Amino acid sequence: MEVQAEGAGEDKAKAKAKKEEDVPRKNGLIETEYAKRGTHLDVQINPDQVVKAAEILDGEGMTLEMVTGVDWLKEKQFEVIYDYSYSGGQLFRVVVRARVDRDHPDIPTVCRVYGGANWHERETWEMLGINFVGHPQLEHFLLPEDADFYPLRKDFKP
Amino acid sequence: MSSLAQSQLRETFELNIGPQHPATHGVLRIKVVMDGEYIDRAEPILGYIHRMHEKMGENRTWNQFWPNMGRLDYLSAMAYNHCYAGLVERAMEIVVPERAEYIRVITAELNRIQSHLLGFGAYIMDLGGFTPLMYAMDEREQILDLLESVTGSRLTYCYFRFGGVYNDIDDDFITGTRAFIKRFRPQIPMYHKLVTGNAILMDRLIGVGPVSADMCRKYGATGPVLRGSGVNYDIRRNEPYSVYPELDFDIPVYKECDSMARYMVRMDEMVQSCRIIEQALNKLPEGPVMAEKVPKALKPPKGDFHYAVEAARGTFSMRAVSDGTNTAYRMRLRSPTYSNVSLFEEASRGMLLSDALAFLGSLDPVIPEMDR
């Protein structure tokens, strides 16, 4: 599929596939081994590029499957992971990651591009407190209305 | 029950459906803004049975997370077992014996028939027909007995293990399954005669609840919802896992995009599942059902792993972020109904309330899996 070429057009320095190290990963594309990871392409970008990435992948006819937030407490960052898949034929999975500062966790919403992102982002906001800028309805969803905690944060104490 | 909200152009009122309402298949609440009999805006409100499975994935070891997999979608728990097994086996590079893979497919497909049977019966009951539920329950109970004999539980299966399955199937299970398939096959044409051709049902389903293929794509809807919109997409074919590539079966696809199409996809899938089970029973190899040398204390390598399966309601996938310890750093569960129901708000706009409930039923939501 052409997604690779498209994704590369993100004028990002291409980081060659490296073994996992403890140093934070640089932005760029990695072709992952499907049998080991379950994804074909792994892209890390800046938070302000996620909407552009969503538009590119939308143009390719891909589906946004889920949005995941991960709390990297040691690095003082949140990671937002977007899982895209291609349902029009031979399966192709792209994962897009962006890291935001834990103290100012602002990332633009992609729910203008994918309506389905609405619920996923709302859930991620609720569980981790990542602020999706421009989201139409950042209200409590799965948790009680008066919940004033973010249960999936690593420093959460019940 | 309702409050009147005045607008300049028209009068609307709010109506609450649920959380305790038979049409919502559990504790789903829908806040509807009605314009007369028509829906102006219908917002599903979730969380009434939220149990935070994702947090549980983080605070217990990989093995201890097994029982949770039976408690998400209690109607097709076997597919969820399959996904979790596949995820960790992918991360740990465990090779599963072939017999175990065949047993996994047989039990998962039996589970799929069972799930669609209940979906069929309950859906027709939503629409006012009680009798089909009795027929469906009769067949379903036989599957539950079969599965109970190997797994030990009726619905909340915890049968798969990393590297295989908990115990081998015996001859009773094999003969019982063959007998069930033989008995069940002629039942499906009977269901069609009893239900599908019914004029009232056709009036209520055909042309109701149009969901275009593009809307499915934007919302991430999968499973019978997507295949009822003319897209030939099934993880068992498009992203083959387990021994599905070795089995011959068709993917039912309907182009009508309405509630009837989604209903027909489920009915046809039961036939295909019968085919899969028969072939798998014929091909079932001898051998062990557990891989050797699976460590008790699992520590998958650092990194994140993704695995997807076709559950009865669509793509169920998991993403685990591992930090190399004996618990997951992050466990993300992507449940199919969550995405399928998220399109309800857009698709139900302007619909008659009674049609909207028929439409919601055709999405076949299972609430514990949505809320997680």
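The values are calculated or read from the model by the stated rules, or taken from the named source; none is laboratory data. The shown structure was predicted, so the numbers you read here are calculated from the model rather than taken from an experiment. Here the Cβ is made from the backbone with ideal geometry for all residues, glycine too, and neighbour counts use every protein chain on show.
Which residues, taken from region B:323-353, are more than 10 Å from chain A (Cβ to nearest Cβ), in contact with a Gly (Cβ under 9 Å, 6 or more places away or on another chain) and part of a strand (DSSP E or B)?
B:Thr327, B:Ala328
Out of A:Val133, A:Val100, A:Val80, A:Val96, I need the residue that is hydrophobic (A, V, I, L, M, F, W, C), away from chain B (no Cβ under 11 Å) and touching a Gly at 6+ places or on another chain (Cβ under 7 Å). Which one?
A:Val80
Restricting attention to region B:58-81, does a residue exist that is over 18 Å from the mean Cα position of the chain (by Cα), farther than 17 Å from B:Asp364 by Cα and within 14 Å of another protein chain (Cβ to nearest Cβ)?
For region B:58-81, residues over 18 Å from the mean Cα position of the chain (by Cα), farther than 17 Å from B:Asp364 by Cα and within 14 Å of another protein chain (Cβ to nearest Cβ): present.
Applying the selection to region B:19-30, what residues are within 14 Å of chain A (Cβ to nearest Cβ) and outside any strand (DSSP E or B)?
Matches in region B:19-30: B:Pro19, B:Val27, B:Leu28.
Here is a yes/no grid of residues against (1) within 14 Å of chain A (Cβ to nearest Cβ); (2) under 22 Å from the mean Cα position of the chain (by Cα):
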residue: B:Gln279; (1), (2): no, no
residue: B:Met290; (1), (2): no, no
residue: B:Pro295; (1), (2): no, no
residue: B:Pro300; (1), (2): yes, no
residue: B:Gly303; (1), (2): yes, no
residue: B:Ala308; (1), (2): yes, yes
residue: B:Thr315; (1), (2): yes, yes
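Given the options B:Ala91, B:Ala122, B:Ala108, name the one that is within 15 Å of the chain's Cα centre (by Cα) and farther than 20 Å from B:Arg185 by Cβ.
Answer to the selection: B:Ala122.
Quick check: is even one residue across region B:357-369 in a loop (DSSP other than H, G, I, E, B), touching a residue at least 60 places away in the same chain (Cβ under 8 Å) and among the hydrophobic types (A, V, I, L, M, F, W, C)? Give the derivation first.
Narrowing region B:357-369 to residues in a loop (DSSP other than H, G, I, E, B): B:363-366.
Of the ones still in play, those that are also touching a residue at least 60 places away in the same chain (Cβ under 8 Å) are B:363-366.
If we keep only those that are among the hydrophobic types (A, V, I, L, M, F, W, C) as well, we get B:363, B:366.
Within region B:357-369, one or more residues are in a loop (DSSP other than H, G, I, E, B), touching a residue at least 60 places away in the same chain (Cβ under 8 Å) and among the hydrophobic types (A, V, I, L, M, F, W, C).
Select the helices (runs of 4 or more DSSP H) contained entirely in region A:1-113, then report the ones holding at least 1 residues which are surrounded by fewer than 22 Cβ atoms within 10 Å (Cβ to Cβ) and modelled with pLDDT of 75 or more. Talk me through it step by step, then tell me what you get.
Details: elements: A:3-8, A:34-37, A:50-59.
Result: A:34-37, A:50-59.
B:Thr315: touching a residue at least 24 places away in the same chain (Cβ under 8 Å), of a type in the set (Val, Ile, Thr) and in a strand (DSSP E or B), yes or no?
Yes.
Any residue at all in region A:86-96 that is of a type in the set (A, V, I, L, M, F, W, C), within 11 Å of A:Glu65 (Cα to Cα) and within 10 Å of the chain's Cα centre (by Cα)?
Taking every residue of region A:86-96 in turn, at least one turns out to be of a type in the set (A, V, I, L, M, F, W, C), within 11 Å of A:Glu65 (Cα to Cα) and within 10 Å of the chain's Cα centre (by Cα).
Report whether or not B:Ser149 is over 16 Å from B:Leu281 (Cα atoms) and without any contact (Cβ under 8 Å) to a residue 40 or more places away in the chain.
Details: over 16 Å from B:Leu281 (Cα atoms): yes; without any contact (Cβ under 8 Å) to a residue 40 or more places away in the chain: yes.
For B:Ser149, the condition - over 16 Å from B:Leu281 (Cα atoms) and without any contact (Cβ under 8 Å) to a residue 40 or more places away in the chain - is met.
When region B:84-106 is examined, which residues are found to be among the basic types (Lys, Arg) and either more than 27 Å from B:Glu54 (Cα to Cα) or surrounded by fewer than 22 Cβ atoms within 10 Å (Cβ to Cβ) (or both)?
Hits for region B:84-106 are B:Arg90, B:Arg99.
Just to be sure before I move on: is B:Arg237 assigned by TED's automatic domain parsing to the domain that holds B:Leu360, assigned to a helix (DSSP H, G or I) and touching a residue at least 24 places away in the same chain (Cβ under 8 Å) in the structure I sent?
Answer is no for this residue.
For region B:31-53, enumerate the residues that are part of a strand (DSSP E or B), touching a residue at least 40 places away in the same chain (Cβ under 8 Å) and of a type in the set (A, V, I, L, M, F, W, C).
Filtering region B:31-53 for residues part of a strand (DSSP E or B) gives B:31-35, B:38-45.
Remaining after also requiring touching a residue at least 40 places away in the same chain (Cβ under 8 Å): B:32, B:34, B:38-44.
Within region B:31-53, B:Val32, B:Met34, B:Ile39, B:Ala42 meet the criteria.
With respect to B:Leu333, is the statement that it is in contact (Cβ under 8 Å) with a residue 60 or more places away in the chain and under 17 Å from the mean Cα position of the chain (by Cα) true?
yes
If a residue must be crowded, with 17+ Cβ neighbours inside 10 Å and within 15 Å of B:Gly47 (Cβ to Cβ), how many such residues does region A:125-137 contain?
Number satisfying all stated conditions: 3.
Among the residues of region B:308-331, count how many are farther than 19 Å from B:Gln64 by Cα and aromatic (Phe, Trp, Tyr).
The total comes to 1.
From the list B:Asp250, B:Asp268, which one is of a type in the set (Asp, Glu), more than 24 Å from A:Trp119 (Cβ to Cβ) and not in a helix (DSSP H, G or I)?
Testing whether each residue is of a type in the set (Asp, Glu), more than 24 Å from A:Trp119 (Cβ to Cβ) and not in a helix (DSSP H, G or I) leaves just B:Asp250.
Would you pick out the residues in region B:201-248 that are among the acidic types (Asp, Glu) and either within 19 Å of the chain's Cα centre (by Cα) or within 12 Å of chain A (Cβ to nearest Cβ) (or both)?
The answer is B:Asp214, B:Asp234, B:Glu239.
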